[in-house]
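*Asks:* Take a look at this one; I'll ask things after.
The values are calculated or read from the model by the stated rules, or taken from the named source; none is laboratory data. A quick note: this is a predicted structure, and the numbers were derived from the prediction, not measured. We place every Cβ from the backbone using ideal geometry, glycine too, and count neighbours over all the protein chains shown.
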Amino acid sequence: MKKISRKINFKDKRGYILDISYKEDFNHSTLISSNKNSVRANHYHKKTTQISFILNGSCFYFSKKLKQKKTKKIKLKKHDYLITKPNEIHAYRFLEKTEMLVFSKGLRGGKDYEKDTFRVQKKLT
């Protein structure tokens, strides 16, 4: 897992511009809306890298590599950017109503949604 806090690139009386990504190639992007106290994921991908960008709200992100015992936990908030690599078990617990964009490098959208998703028996949250 790699967390990056994004900073506003330009701001004036009209509002602001914030680059979410730069020079990245993606196969899929999606908008996910989650209610307070909901949990998502508790799975991993063998080939897919996912990038999560918090539009608004906040959550705890839990992760560990497949063969690790210790789970890492970090808090994500508005404009945080997180990279989840293959073979990293991950889950989100939302602290409030939250919207996030997820960009995927690999199979993750439409009819391919479950092709590279592997659920885990022992939940991270």
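*Asks:* Only residues that are in contact with a Leu (Cβ under 9 Å, 6 or more places away or on another chain), touching a residue at least 12 places away in the same chain (Cβ under 8 Å) and of a type outside the set (A, V, I, L, M): list them for segment 94-125, please.
*Replies:* The answer is Thr98, Glu99, Asp116, Thr117.
*Asks:* Next up: Taking only pairs six or more apart or across chains, which ones have beta-carbon atoms under 6 Å, a first residue in segment 59-77 that is surrounded by 13 or more Cβ atoms within 10 Å (Cβ to Cβ), and a second residue that is in a loop (DSSP other than H, G, I, E, B)?
*Replies:* Cys59/Leu95; Phe62/Thr71; Phe62/Leu124; Phe62/Thr125; Ser63/Met1; Lys64/Thr71; Thr71/Leu124
*Asks:* Name the pairs whose Cβ atoms lie under 7 Å apart, with the first residue in segment 24-43 and over 16 Å from Leu82 (Cβ atoms), the second at pLDDT 95 or above and not in a strand (DSSP E or B), and 6 or more positions between them or separate chains?
*Replies:* Close Cβ pairs (under 7 Å, with a partner that is at pLDDT 95 or above and not in a strand (DSSP E or B)) amount to Asn35/Lys97; Lys36/Leu95; Lys36/Glu96; Lys36/Lys97.
Quick grid of which residues meet (1) basic (Lys, Arg); (2) out of contact with any Asp or Glu (no Cβ under 6 Å at 6 or more places or on another chain); (3) under 23 Å from Lys7 (Cβ atoms); (4) at pLDDT 95 or above:
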| position | (1), (2), (3), (4) |
| --- | --- |
| Asn37 | no, yes, no, yes |
| Lys47 | yes, no, no, no |
| Asn56 | no, no, yes, yes |
| Phe60 | no, yes, yes, yes |
| Ser63 | no, no, no, yes |
| Leu66 | no, yes, no, no |
| Lys73 | yes, yes, no, yes |
| His79 | no, yes, yes, no |
| Ile89 | no, yes, no, yes |
